[in-house]
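> Below are the structure tokens for one structure; questions will follow.
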Amino acid sequence: MKQILKLSMLLLTLGLLTTACDTNSTPSATLQTAFDYAIADDFQSFAELVYFDEKEPQKLKQSQAELASFLKAANAEQKKTKENIVKAEIRKEEISDDGNTATVEFLATYANGDTLVDTQKMLKKDGKWYLKSF
């Protein structure tokens, strides 16, 4: 019985690791991950999913840090009026013919109960999907 339990735990762990490593394999998965980070107030991780046309690593990190700081402050203000997103649901995605851009439709639910259906443009660079702008 202990061996079955150990094997089950090992398979579960491997499955979770595989899923975690594959979070940006689709535009929808990347956007959902971005929403999950935002809802968890992890704006640094969120900023790393935003595309910046920056080649120099130090400048890229600075741009990401500035965006994270801005989003953190904005979210703190939104929480005061319950205008922060508390849930997001991906509705559909459309990938371009060349496979390098996409549009993802989502439904966002705010803390005050309001909902919004909107779209997010996505960009694929070096095999990884990013939020193009927001």
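> Return the pairs, sorted by first residue and then second, in which the second residue is of a type in the set (S, T, N, Q) and crowded, with 16+ Cβ neighbours inside 10 Å, the first residue lies in region 104-120 and is under 10 Å from LYS87 (Cβ atoms), the beta carbons are less than 8 Å apart, and the residues are 6+ apart or on different chains.
TYR110/ASN84; ALA111/ASN84
> Do you know which residues across region 7-58 are in a helix (DSSP H, G or I), of a type in the set (Gly, Ala, Ser), at pLDDT 90 or above and farther than 17 Å from PHE106 by Cα?
SER45, ALA47 - these are the residues of region 7-58 that are in a helix (DSSP H, G or I), of a type in the set (Gly, Ala, Ser), at pLDDT 90 or above and farther than 17 Å from PHE106 by Cα.
> Right, here's the next one. Of the residues SER63, SER69, SER133, which single one is exposed (fewer than 12 other Cβ atoms within 10 Å of the Cβ), among the hydroxyl-bearing types (Ser, Thr, Tyr) and closer than 18 Å to SER45 by Cα?
SER133
> If you check SER96 against the conditions, is it in contact (Cβ under 8 Å) with a residue 40 or more places away in the chain, among the polar types (S, T, N, Q) and either touching a Leu at 6+ places or on another chain (Cβ under 9 Å) or within 19 Å of TRP129 (Cβ to Cβ) (or both)?
No: the conditions fail for SER96.
> Next up: Cβ contacts < 8 Å: first residue at negative phi, restricted to region 65-76; second residue of a type in the set (A, V, I, L, M), any location; separation 6+ or different chain. Result?
ALA65/ALA47; LEU67/ALA47; LEU67/VAL50; ALA68/ALA47; LEU71/ALA38; LEU71/ALA47; ASN75/ALA38
> Any chance you could count how many residues in region 49-60 are crowded, with 18+ Cβ neighbours inside 10 Å and not β-branched (Val, Ile, Thr)?
The number of residues fulfilling the criteria is 1.
> Taking the criterion of being of a type in the set (Asp, Glu) and surrounded by 14 or more Cβ atoms within 10 Å (Cβ to Cβ), would at least one residue in region 89-106 satisfy it?
yes
> Let me ask something else about it. Within region 103-133, how many residues turn out to be closer than 20 Å to ILE39 by Cα and either acidic (Asp, Glu) or assigned to a strand (DSSP E or B) (or both)?
Within region 103-133, residues that are closer than 20 Å to ILE39 by Cα and either acidic (Asp, Glu) or assigned to a strand (DSSP E or B) (or both) number 19.
The values are calculated or read from the model by the stated rules, or taken from the named source; none is laboratory data. Small disclaimer: the values here were computed from a predicted structure and weren't measured. Quick reminder, even Gly has a Cβ in these numbers, built from the backbone with ideal geometry, and neighbours come from all protein chains shown.
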